[in-house]
Structures are given as C-alpha cells and as structure tokens.
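We did not get these values from a lab; they are worked out from the coordinates using the rules stated. This structure is a prediction, so every number in the text was calculated from the model and none was measured. Every residue, glycine among them, receives a Cβ derived from its backbone with ideal geometry; neighbour counts consider all protein chains shown.
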Amino acid sequence: VQRATQLLCLSGHDPTGGAGIQADIEAAAAVGVHALGVITAHTVQDTSDVERVSAVAPILLAAQLDALLADCSPSAAKIGLLGDAAQVGVVAERLRRLGVPLIIDPVLRAGGGRNLVGAELKAELLQNLFPLAELITPNAQEARLLAGVADLQRCGRALLDLGPRHVLITGGDEPGAEVADLLFGPGQIVQRFSSARLPQSFHGAGCTLAASIAALRALGRPLPEAIEQARRYTHTALAHALVIGNGRRIPRRLVGQR
Ligand code: PLP
C-alpha cells in the first residue's frame, strides 16, 4: 500500500492557532501533505504577543520522535520554535539519521517584539542544526541577529557559511510597498522573490510560509518552485486573513485555498 506523503514538524504550540504547530498542520494539509506534529514547547500568548514559553522535556521529545520515526515515513522535516538548548542534541541526532530535506524557520522573536530564544539555544541552533538544513528562513530582523551584520546581502552570505545549503531572508518585517524575499544558495546565487505588501499586520505569516515550503519539498518539488508556490499560497492566506482577537490577523490557511 502506498503511504501518504508526510511532513515531520517540530514546533511550539500557539493556542491562538495563528502560528506554531497549527500553522504547520494547516499549511501542510492545504497542499495535500499529512503533518506529523511534534510539540517542542507550550506558549502563553494572544494575537498581540507571546508572554511565556515552556519547553517540553528533552526525554519526552526524544521518545515521541523515536516512536514516530520507527513507524511513519516523513519525506521532509520542518523545525520552528525550539523550547531550549537541551532539545537541540536530541533533534539533531534524529534528523541526521532521517536524512530528508530539512527546513528551519529560526524563530527568535515574536512579531509582538518579545525574545523567544536565549543565547544558549541560539548558539546550539547555529552550531548543530543549521549545518543539517537544506533551507533556513529567517526574517530580516532574525537574519541580522543571527549574522551580526546589518546589510542583508552580507547576512545571507554569512548565514550560508554556517552550513545550510540555502538561506531565504524574508522581507515581511522590512519597510516598503513590496515584500522582497532573498534566496542565497551554493555559488552565492541570489534570487529575489517579490509580491505586493498587504496593509494589515499578521501573526503566523512566517510559520505559514516555511511550513508550505517544507510540505512542497515533501512532495518533491524543487526548492525554487516550492518557494514560489508557497509564497503565492501564503499571500492568498494573508489576503483572506481571519480576525480572531484584538491584535494581529491570522492567515486563513484552509478555507478557499487550493
Ligand atoms: N509562537 C510560536 C509557537 C511560533 O512558532 C511563532 C513564530 O514562528 C510565534 C509565536 C510568533 O509568530 P509571529 O512572529 O508571526 O507573531
């Protein structure tokens, strides 16, 4: 019997449903991929900002990954928010063994401005997970924090030096009438993707983009095509975003897509 296409997702749980694991599950489902959802952290948050992050114990994370990987067959993996530095070794070991395309959305700071990741986790992420990634998808602010330089072209090249095969710096958090995302890859080739900026602000846009790219890679689409299609999908989800609270809108990932 042919198995359904699966995407392994390691993400935080955002109870608003805008970001985190729910974003992954919905974005994957929208492109026809089944998500295997492993929770790395619980969060306390609303549509404006994150108040608290509580990491899942590494031993529980290890047991859940081992149970899943002994049974199921993901053809790509996506990492979003991790709970703490102690999770990195557990995750890196399993993903190295799994050997499928890995997309990392290095979530460092919430859209509301709160830091989600301490210095120790950031260092572990750079050293032990970035080298395993086919693609990392920092937004411009995260790219500057990770690379320690302001210019985005220099950020892209500095991040490539850390080992991921490609870097997509997303421009949703930059000023301007259009959103420009920059792709850096082997040979330092830069591809620029752009789209019209929507006037509202959103919670979970970055998670939606990274998860849809990862799901399309699980389906075997080549990376530039996956990015192009995921950007169109995310733009539509944002253009029809849901108002669920007093803060930012959340992407409409399932209704009226496809
Ligand atoms: N909570 C979780 C679990 C996340 O993964 C993220 C971002 O990826 C956020 C909150 C913040 O999302 P945003 O920056 O879109 O508000």
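Remind me, relative contact order of region 1-146 in percent, using alpha carbon pairs under 8 angstrom and six or more residues apart? Intermediate values should be presented prior to the final figure.
Numbers: 267 pairs, mean separation 32.0, N = 146.
About 22 percent, as a whole number.
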Between Ser48 and Ala196, what length in nm is gained on full extension when 0.36 nm per residue of separation is reduced by their alpha carbon distance? 50.9 nm
Geometric extent, Cα atoms of region 43-161 - Rg, Dmax (angstrom): 14.9, 45
Test of understanding: extend the Cα→C-beta vector of Ala239 to 7 Å, then name every residue of region 169-207 with backbone N under 20 Å from that spot. 171-173, 176-181, 193-207
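Run lengths n ≥ 4 of DSSP H only: what is the helix-derived mean residue ellipticity at 222 nm for the chain, with -39500 (n - 2.57) per run over all residues, to the nearest 500?
Working: 8 runs with 92 residues, N = 258.
Only helices count here, giving -11000 deg cm²/dmol.
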With N set to the residue count of the chain, report its C-alpha Rg divided by 2.2 N^0.38 Å to two decimal places. 0.92
Please work out the FRET efficiency for the pair Asp173 and Ala86, using the Cβ-Cβ distance as r and a Förster radius of 41 Å; give the result to the nearest 0.05. 0.90
Gyration tensor on Cα atoms of region 104-165, a ≥ b ≥ c root eigenvalues, a/c under 1.5 rounded, else prolate if a/b beats b/c, else oblate, says oblate
Place a point 7 Å from the Cα of Arg109 along the Cα-to-Cβ direction; which residues of region 172-186 have their backbone N under 15 Å from it? 172-175
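With +1 assigned to the C-beta of every Lys and Arg and -1 to the C-beta of every Asp and Glu, and no other charges, what is the dipole magnitude of the chain about the Cα centre in debye, to the nearest 20? Intermediate results must be reported in sequence, preceding the final value.
On the way: 24 positive and 23 negative charges, 106 e Å.
In debye, rounded to 20, the chain gives about 500.
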